[in-house]
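First comes the structure, then the notes that go with it.
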Amino acid sequence: MDTPPLSGSDSDSDDSLVTDRELQEAFSRGLLKPGLNVVLEGPKKAVNDVNGLKQCLAEFKRDLEWVERLDVTLGPVPEIGGSQSTSQNQDPKAVDPEDDFKREMSFYRQAQAAVLAVLPRLHQLKVPTKRPTDYFAEMAKSDQQMQKIRQKLQAKQAAMEKSEKAKQLRALRKYGKKVQTEVLQKRQKEKSHMMSAIKKYQKGFSDKLDFLEGDQKPVARSTKEGAKGQQMKKGPNAKRRYKNEKFGYGGKKKGSKWNTRESYDDVSSFRAKIAHGRGLKRPGKKGPNKRPGKRTREKMKSRRH
């Protein structure tokens, strides 16, 4: 009976079993020592192909002018404020490759030294070193790519403007709500002030009607007492005075003309002539009426007949 072919996982497991068996057999023979066992490959043979190297060098080397090559080999620019604390045994040109900042600064200073050495040489050879004003450089990216970038930037700017407008609208809405609240509070305050002024007018504490014009401003507490005192000093208002003249001043009526000890003892207003009818006759006034009464007149008539 034929055995079915093994799958990939089964073959891998069989290979691992085979290697394990081989390792166990080698360990039993004493060929392996306990620990990590790494298969070592034989040493690589160095190939010194002199002819090939010379051929490559001949291809690299070309007898061209320096203007075509523009190669220069220089050391870095010396530091202006170089630290003098470095020891004499230590090489000042050596740079720690693990220090990123010093390594990049050495590259920068070396490039700077090359530029300072090459620029005068280019000027002597009359080689332009600056780009002309009408220089046209082809874009590294295509127009389609730049159009996509432009559309993306425009969409981003539109979203930012929309967000800014939404923020402004929210701020204006908050400010409008605040102003509306202030206006309502002001109206309520004016209404309460007008109602208090009307009550004062009805009770007679004030005789002014300026609050009906709507221009009266709320009076501060410090001035309310002074205004009230002035109103009390001035006396009653016009309405109260009119009622006093029409109905009197009110109060106790009975016994108001009774004499008291003080009025009984006060005789300063007594005039004897006036009291006994001996005073001077005032012009325009007649004497006492001497006409007889009705019965007397009837008797006098009957006697005549």
Counting other Cβ atoms within 10 Å of each Cβ, which GluC sites (Glu not before Pro) in the stretch 105-180 have at most 10 and sit in a DSSP loop? GLU138
Here the net charge surrounding SER192, from other residues whose Cβ is less than 12 Å away from its Cβ (Lys, Arg +1; Asp, Glu -1), is +4
What FRET efficiency comes out for GLU41 versus MET139 if R0 is 51 angstrom and r is the Cβ-Cβ distance? Round to the nearest 0.05. 0.50
Given a 1.4 Å probe and every protein chain left where it sits, what share in percent of the accessible area of the stretch 115-183 is carbon and sulfur? 57 percent
Taking 0.36 nm per residue of separation between MET195 and GLU59 and subtracting their Cα-Cα distance, the length gained on full extension comes to 38.1 nm
For the stretch 151-195, dividing by residue count, accessible area per residue (probe 1.4 Å) in Å² works out to 101 Å²
Taking R0 as 35 Å and r as the Cβ-Cβ distance between LEU184 and ASN244, the FRET efficiency 1/(1 + (r/R0)^6), rounded to the nearest 0.05, comes to 0.20
Spin-label model distance (nm) - PHE270 vs GLN24, 7 Å beyond Cα toward Cβ: 16.1 nm
So which trypsin sites (Lys or Arg not before Pro) in the stretch 100-142 pass both tests, a DSSP loop state and at most 13 other Cβ atoms within 10 Å of the Cβ? LYS126, LYS130, LYS141
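The values are calculated or read from the model by the stated rules, or taken from the named source; none is laboratory data. All of these numbers come straight from a predicted model, not from anything done at the bench. Every residue, glycine as well, gets a Cβ built from its backbone with ideal geometry; the counts of neighbours run over all protein chains shown. Areas reflect the complete protein model, heavy atoms only, side chains present, ligands, DNA and RNA absent. Shrake-Rupley method; radii C 1.70, N 1.55, O 1.52, S 1.80 Å.
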